[in-house]
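Novice: Okay, here's the structure, questions in a sec.
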Amino acid sequence: MEFFEQLIIPKFNYWIYVILMMIGMRAMIAKNNLVKKLIGMAIFQTAIILFYVSIGVKEGANIPILDHHMMPGEIHGGDPVVVAEFANPLPHVLMLTAIVVGVATLGLALAMSQKIYRAYGTLEEDDILSQIKLEPND
Amino acid sequence: MIPAFDIILLVFLVVTSVIALRVRDLLAASMVFGIYSFLICLLWAEMTAVDVAFTEAAVGAGVSTVIMVATVYQTARRSKD
């Protein structure tokens, strides 16, 4: 019970990210179809991105955009910035890059699976492997 | 950050990821994967990461679903597992 109160309930979002990560990893390892493997890869990647973005969340904080109330002749806005009012934007910026790279990876992998389908006539891994074994030494 | 909304979205995320990996029709799998991406987009808007949310809505739920559907139409639609 103490385990639940101290480790599971306060950090439930981390546990769900780990579950999602394991679902994606199992799909990458155990699924037979190549498109299913790629869906698993995308789920794995989004679980990691979710973990990083959730680090920057603060209780009661707003979106990290400054209000500009620039007076003429003033260099900065009126009120000083209170850091606790804004979520940490650094993980957002880092993970923005990761999303774009992930889509590029997914597009390249899907293009490669189309080439594989044209060469072997199937997307199932075991059929492709048996066809590779049937071909003479190469 | 609203805890009840957070829990609902995370439970739906796990459910849609399992469905996307279990259906045998690959077109249905890619559409459910689009739903998964859109739920992640909602989760990020809820986590006060709006810039990541609209990138995910454009790139994750839009482009990756489209290229996945295009691949399914170029190749086989049925999957063995």
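We did not get these values from a lab; they are worked out from the coordinates using the rules stated. Model, not experiment: these values are computed from the prediction. Every residue, glycine as well, gets a Cβ built from its backbone with ideal geometry; the counts of neighbours run over all protein chains shown.
Novice: Once you list every other residue whose beta carbon is under 9 Å from the beta carbon of A:LYS31, what net charge do they have if Lys and Arg are +1 and Asp and Glu are -1?
Specialist: Taking every other residue near A:LYS31 into account, the sum is +1.
Novice: Note down the magnitude of the dipole of chain A about its Cα centre, charges +1 on Lys and Arg C-beta and -1 on Asp and Glu C-beta and zero elsewhere, to the nearest 20 debye.
Specialist: 520
Novice: So which trypsin sites (Lys or Arg not before Pro) in chain B are both in a DSSP loop and have at most 16 other Cβ atoms within 10 Å of their Cβ?
Specialist: Sites meeting the loop and neighbour criteria: B:ARG24, B:ARG77, B:LYS80.
Novice: Using a 10 Å cut-off around each Cβ, can you sort A:ASP126, B:ASP51 from fewest to most neighbouring Cβ atoms?
Specialist: A:ASP126, B:ASP51
Novice: Give the shape of chain A as rounded, prolate or oblate, defined through the alpha-carbon gyration tensor: a ≥ b ≥ c are the square roots of its eigenvalues, a/c under 1.5 means rounded, and otherwise the shape is prolate if a/b is larger than b/c and oblate if not.
Specialist: oblate
Novice: Still on this structure, I have one more. Explain nothing, just the number: dipole magnitude of chain B about its Cα centre with +1 on each Lys and Arg Cβ and -1 on each Asp and Glu Cβ, in debye rounded to the nearest 20.
Specialist: Roughly 520 debye for chain B.
Novice: Please turn the phi angles of the stretch A:56-66 into ³J(HN,Hα) values with the Karplus equation 6.51 cos²θ - 1.76 cosθ + 1.60 (θ = phi - 60°), one per residue in order, whole Hz, x for glycine and proline.
Specialist: Couplings: x, 6, 10, 5, x, 8, 9, 5, x, 10, 7 Hz.
Novice: Taking the Cα centre of each part, how many Å lie between the stretch B:10-55 and the stretch B:58-81?
Specialist: After rounding, the separation between the Cα centres reads 14 Å.
Novice: How high is the relative contact order of chain A, given as a whole-number percent (alpha carbon pairs under 8 Å, six or more residues apart)?
Specialist: Once divided by the residue count of chain A, the mean separation gives 23 percent.
Novice: To continue, here is another question. If Lys and Arg each add +1 and Asp and Glu each add -1, what is the summed charge of the other residues whose beta carbon sits under 12 Å from the beta carbon of B:GLN74?
Specialist: So the environment of B:GLN74 carries a net charge of +3.
Novice: Another question about this same structure. Order of B:ILE40, A:ILE132 from fewest to most other C-beta atoms within 10 Å?
Specialist: A:ILE132, B:ILE40
Novice: Hey, another quick one. I need the trypsin sites (Lys or Arg not before Pro) found in the stretch A:3-32, filtered to DSSP loop residues with at most 13 other beta carbons within 10 Å of theirs.
Specialist: Counting only loop positions with at most 13 other Cβ atoms within 10 Å, the trypsin sites (Lys or Arg not before Pro) in the stretch A:3-32 are A:LYS11.
Novice: Follow-up. Can you bin the stretch B:3-74 into rounded, prolate or oblate? Criterion: square roots of the alpha carbon gyration tensor eigenvalues sorted a ≥ b ≥ c, rounded for a/c under 1.5, prolate for a/b above b/c, oblate for the rest.
Specialist: Judged from the Cα gyration tensor, the stretch B:3-74 comes out oblate (a/c at least 1.5, b/c at or above a/b).
Novice: Pick out, from A:PHE51, A:ILE128, A:ASN88, the residue whose Cα sits farthest towards the positive end of the charge dipole of chain A, with +1 on the Cβ of Lys and Arg and -1 on the Cβ of Asp and Glu.
Specialist: A:ILE128
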